[in-house]
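Right, one structure below, let's go through it.
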Amino acid sequence: MSQQEKQPQKDTNAPNVPKKTGKKTEKKTFSEKLADFISANRILVIGIGIAAVLVIAAVGIYTAVSGNIASASGRAMDLADQKLQAWSQETDEQKKADAETSLITDLDSIAKKWPRTLAAQRALLRKGAILSQKKDYAEAEKVALDAFARNKKSYAAPVALQLAAVSAEEAGNIDAAIAHYTTLTKDYLKDNPSAPSALFNLGRLQEGKEDYKAAVASYNQLVSSFGDSDWAMLAKNRVIYLKSQGLAE
């Protein structure tokens, strides 16, 4: 998920961040421009998050289980991966729908037949990512949490939590998204490429809930743990902004 460390791009859809009243200026102040980053980061992370889940499911996690590729579950996942690739490349609408039905059936079968294996997690991650692409976010969150519960010590666990958090936010369940990001940043901070963006998003959502103390704590943890990342720079700017507005100490 290294692409999640990219420098976020600016977006014009600014969030509802409280501001002190004062003189209006034609040009946005530095702090106001920083506020715009919040919306930009949300859009970017959601887009990157779903794409990363697909990439990691197809490549990264595959390498983690390459030693077990001769197993029945591994062979079944190989075939499912081939179907996933064919589905993603299909341009005919009806053929794509038929391919999706067949693919989902195979993924469900793998998750049911080998319930406690990494193959089951991989299958559920693929299914969750497909559901997210279809904007069925509530079901995607449910499937991602199922994947997470299958093996919380696997390489796939933090990926599943990331997908669950993104899906929950998109479904409008902010409290659930905060809960998922909290677990992700508490239990999977080390050796997790998505940790910096997860911490920033946790702070962003806490800020949106006007829990500024918690938001600053998340931002500061990001800065102290991943000071060289672009997300840390954004976190520093958010802390400066909140303090300048009298919303944090």
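Computed from the coordinates by the stated procedures, all read-outs in this text should not be read as laboratory data. Nothing here was measured: the structure is a model prediction, and the numbers come from that model. Because the Cβ atoms are built from the backbone with ideal geometry, glycine has one as well, and the counts that use them run over all protein chains shown.
Karplus-based coupling profile of the stretch 199-209, in residue order and whole Hz: 5, 5, 5, 4, x, 4, 6, 5, 4, x, 8, with θ = phi - 60° in 6.51 cos²θ - 1.76 cosθ + 1.60 and x standing for Gly or Pro. Compactness check for the stretch 140-249: Cα Rg over 2.2 N^0.38 Å is 1.06.
Loop only per DSSP, at most 16 neighbouring Cβ atoms within 10 Å: give me the trypsin sites (Lys or Arg not before Pro) in the stretch 191-249, ordered by residue number.
Details: sites: 204, 209, 213, 236, 238, 243; in loops: 209.
Here the trypsin sites (Lys or Arg not before Pro) that fit, given the DSSP loop and packing criteria, are 209.
Taking every pair of Cα atoms in the stretch 80-129, average 1/r, invert it to obtain the Kirkwood radius, and report Rg/Rh to two decimals. Don't jump to the answer; show the numbers that get you there.
Working: Rg = 11.1 Å, Rh = 11.0 Å.
Across the stretch 80-129, the Cα-based Rg/Rh ratio is 1.01.
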